[in-house]
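Heads up, the thing below is written out as structure tokens.
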């Protein structure tokens with residue numbers, strides 16, 4: 001047993017750094033909405049951070065989808081073990097703040113001797129609204145996306161269209177889609193246009209369409225108002241209805257995101273609206289030549305952002321708060337964000353990330369990422385209201401009825417508005433309608 | 001013991017009686033001592049949560065405030081004025097009324113066809129049982145690609161025989177029936193297993209006697225096999241009904257209750273209220289109702305099952 005002492009020495013050597021000094025341990029919950037290699041990359045990043053300093057030890061916990069992450073973080077918080085940092089869907093921030101789950105980040109800004117304005121200045125303007133609630137910072141943007149038009153260049157050539165001139169307006173979109181649609185009568189072999197119409201995606205794309213029509217979708221400074229029954233939304237809803245029933249360039253009924261991307265890759269749909277988050281997936285799997293372009297406009301160019309932000313949960317002690325904030329600042333440094341953006345296909349929320357040489361190289365090599373970047377100045381906030389999910393579904397259920405020919409657009413938006421108003425009434429009664 | 005054996009214990013000596021009483025007490029306590037571990041676990045993970053859910057269902061936590069108010073039956077009344085809940089009940093009834101009889105009938109049919117052991121039959125049994133061994137989540141993910149409109153496997157083979165497919169999951173008139181199809185595919189083989197076991201225990205002489213009396217195949221099935229399988233049928237019925245209320249994986253994976261609420265089952269409604277709409281009270285009320293329904297169902301069916309097995313024996 002002569003090896004025993006040397007083993008003990010070795011064990012001590014390994015354990016000593018961990019025992020020495022008061023290290024703060026914190027949990028970091030993160031979802032991966034896209035695929036498994038992102039989870040591995042995130043685990044690697046956290047290891048790099050842990051190795052780079054000795055004050056904070058972060059445990060990265062993979063928590064499934066955005067929805068699962070919200071549930072698990074809330075469950076952990078109510079069990080008295082709140083995660084210090086959570087990567088949360090950016091449009092859940094308002095709801096979570098209203099239910100008292102999140103802490104304001106203003107005190108940390110104060111300790112750092114900075115202001116919200118200074119802190120957010122480097123982030124794209126469209127991201128500011130989803131990071132703040134009632135004029136206070138509650139979230140730091142981390143990974144973001146916008147919708148984008150993907151089109152099959154081979155189909156464009158075949159239909160006699162210029163593959164370098166994708167449609168820029170709704171009128172051009174309809175004209176091109178008609179030429180790209182193949183088949184006779186009811187049996188369509190190839191559709192000119194398609195978009196995901198399942199829950200979540202549908203609401204996001206309706207926001208893109210109504211904004212491209214000059215609209216706003218929701219009041220980005222007050223959680224109790226959506227603009228469903230408006231001329232801009234009517235135009236967007238009627239446009240969707242017409243694509244199916246009048247122009248016959250889009251499949252009838254609801255098609256989920258997985259179906260839309262499969263159809264696009266298989267050459268069964270020529271143009272699709274998908275997230276910029278799908279860029280690396282399409283780049284890796286598309287056999288035909290493809291291009292990307294801005295979401296076509298009717299009145300103006302405008303798209304909503306989507307994606308995730310870092311938030312901190314209530315119930316942490318001061319050391320954990322400081323440790324969490326330190327980690328957030330490291331994760332959202334221009335360098336870390338640039339690396340994550342190149343790896344995932346999300347765009348980096350900091351403008352300065354794009355000034356880094358490795359990022360300039362990347363953009364030069366990937367013209368599709370350049371288009372996504374150029375669309376960013378036209379980006380607007382993501383809808384977030386009291387009861388975000390239910391209010392979103394109020395519109396989505398009606399639009400799904402429109403897509404199936406069960407309702408006409410004018411009636412659908414009226415019903416959506418009525419249902420959404422009923423959902424938000426408790427909040428409106430407590431706030432805007434609570435009068436002296 | 002000797003005094004007891006004589007049957008006349010001397011009145012002044014009560015020790016043996018006390019000993020007996022003590023032993024009786026020990027005997028009565030023993031089962032409880034043995035049950036304690038599982039009772040504790042049941043209390044922690046079943047009974048307490050049930051109590052908590054009932055308590056939650058009588059309270060309302062207003063989203064945006066931390067307070068929890070006692071509201072009596074308001075959550076329950078709210079459920080019945082919520083069109084989405086009523087539709088989920090209707091959907092669930094339709095779903096149960098189709099999946100349960102169809103998969104049970106198929107299960108019985110498979111069992112009758114494959115009851116005799118042969119190499120071919122055991123291969124067929126394994127093949128039919130296979131879907132029930134695939135987790136529902138995995139099965140649903142597979143069916144996502146089978147049901148893809150236009151490019152999916154289902155449409156591909158329909159096109160081969162000259163038929164045009166539909167938007168299986170994207171049309172509210174069809175989507176629920178697509179889910180019914182997956183459920184039947186998944187469960188029929190499992191129910192076959194119970195019927196096979198039931199058929200093994202069937203007394204051969206009864207069937208032989210019937211054959212000698214000139215009963216044809218249909219008559220034997222109608223008047224002997226099916227009545228003798230009654231206990232099995234009662235058991236499978238309970239399992240199938242419970243499945244229809246407690247399985248929701250395919251809804252989550254394939255449709256999320258859509259399009260336009262067409263595939264929203266009660267369990268998914270509960271999930272939605274609790275996880276998405278911050279309406280814990282409403283979710284709890286719907287849970288109490290569905291658990292109450294399941295409880296009533298199992299009590300009634302266990303009773304009939306007992307009666308059925310007496311009748312059979």
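The numbers here are math on the coordinates, done by the rules we state, and not lab data. Not measured: the values here are computed from a predicted model. Reconstructed Cβ throughout: ideal geometry from the backbone, glycine too, with neighbour counts over all protein chains shown.
In table form, for the structure just shown:
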quantity: Calculated [θ] (222 nm, deg cm²/dmol) that DSSP helices of n ≥ 4 give over chain A, each run adding -39,500 (n - 2.57); calculated: -14500 deg cm²/dmol
quantity: Inter-chain Cβ neighbour average for residues A:89-102, partner chain, 10 Å; calculated: 2
quantity: Distance in nm between pseudo-label sites at residue B:46 and residue B:242 (7 Å out along the Cβ direction from Cα); calculated: 1.0 nm
quantity: Per-pair calculated FRET efficiency, R0 = 22 Å: residue A:352 and residue A:165 via Cβ, rounded to 0.05; calculated: 0.10
quantity: Mean separation of Cα contacts under 8 Å (6+ apart) over length of region B:82-312, as relative contact order %; calculated: 28 percent
quantity: Mean-position separation - Cα centroids, region B:84-141 and region A:65-115, in angstrom; calculated: 44 Å
quantity: For region B:48-183, the fraction of alpha-carbon pairs in successive 5 Å shells from zero, as %; calculated: 2, 8, 10, 12, 13, 13, 12, 10, 7, 6, 4, 2, 1, 0
quantity: Exposure proxy order (Cβ contacts within 10 Å, fewest to most) of A:382, B:177, B:168; calculated: B:177, B:168, A:382
quantity: Between region A:249-282 and region B:239-295, the Cα center-to-center distance that results, in Å; calculated: 30 Å
quantity: Theoretical FRET efficiency, 1/(1+(r/R0)^6), r = Cβ-Cβ of residue B:306 and residue B:249, R0 30 Å, to 0.05; calculated: 0.40
quantity: Gaussian network model of chain B, springs between alpha carbon atoms under 10 Å - residue of B:292, B:78, B:162 with greatest fluctuation; calculated: B:162
quantity: For chain A: relative contact order, % (alpha-carbon pairs under 8 angstrom, 6 or more apart); calculated: 23 percent
quantity: Taking the convex hull of Cα positions in region B:82-312, its mean projected area over all directions (nm²); calculated: 15.4 nm²
quantity: Equivalent-ellipsoid semi-axes of chain A, from the Cα gyration tensor, Å, largest first; calculated: 42, 28, 19
quantity: Among B:248, B:90, B:226: highest mean-square fluctuation, GNM of chain B, C-alpha pairs under 10 Å; calculated: B:226
quantity: Partner chain coverage, peptide B:161-169 - average Cβ within 10 angstrom; calculated: 2
quantity: Relative packing of peptides A:220-231, A:37-48 - highest average C-beta neighbours within 10 Å first; calculated: A:220-231, A:37-48
quantity: Inter-chain shielding of A:247-255 (mean C-beta neighbours from other protein chains, 10 Å cut-off); calculated: 4
quantity: Diffusion coefficient, µm² s⁻¹, Stokes-Einstein with Kirkwood Rh over alpha-carbon pairs of region B:137-196 at 25 °C and 0.890 mPa s; calculated: 196 µm²/s
quantity: Label-to-label distance, nm, for residues given as residue A:360 and residue A:172 (7 Å Cα→Cβ offset); calculated: 3.0 nm
quantity: Length added when fully stretched, residue B:207-residue B:94, from 0.36 nm per residue minus Cα-Cα; calculated: 37.0 nm
quantity: Residue B:83 versus residue B:295: modelled label distance in nm, points set 7 Å from Cα along the beta carbon direction; calculated: 3.3 nm
quantity: Residue exposure sequence - B:282, B:160 - by fewest surrounding Cβ within 10 Å; calculated: B:160, B:282
quantity: Segment residue B:122-residue B:35, length gained on full extension (0.36 nm per residue, minus Cα span); calculated: 27.3 nm
quantity: Kirkwood Rh, angstrom, the protein assembly as shown [1 / mean 1/r, Cα pairs]; calculated: 30.0 Å
quantity: Estimated [θ] at 222 nm from DSSP helical runs (n ≥ 4, -39500 (n - 2.57)) normalised by residues in chain B, nearest 500; calculated: -22000 deg cm²/dmol
quantity: Exposure proxy order (Cβ contacts within 10 Å, fewest to most) of A:156, B:235; calculated: B:235, A:156
quantity: Alpha carbon centroid spacing (whole Å) that separates region A:120-150 from region B:195-238; calculated: 69 Å
quantity: Estimated FRET transfer efficiency when R0 is 30 angstrom, pair residue A:75-residue B:54 (beta carbons, to 0.05); calculated: 0.90
quantity: Full-stretch length increase - residue A:335, residue A:221 - with 0.36 nm per residue and alpha-carbon distance subtracted; calculated: 37.9 nm
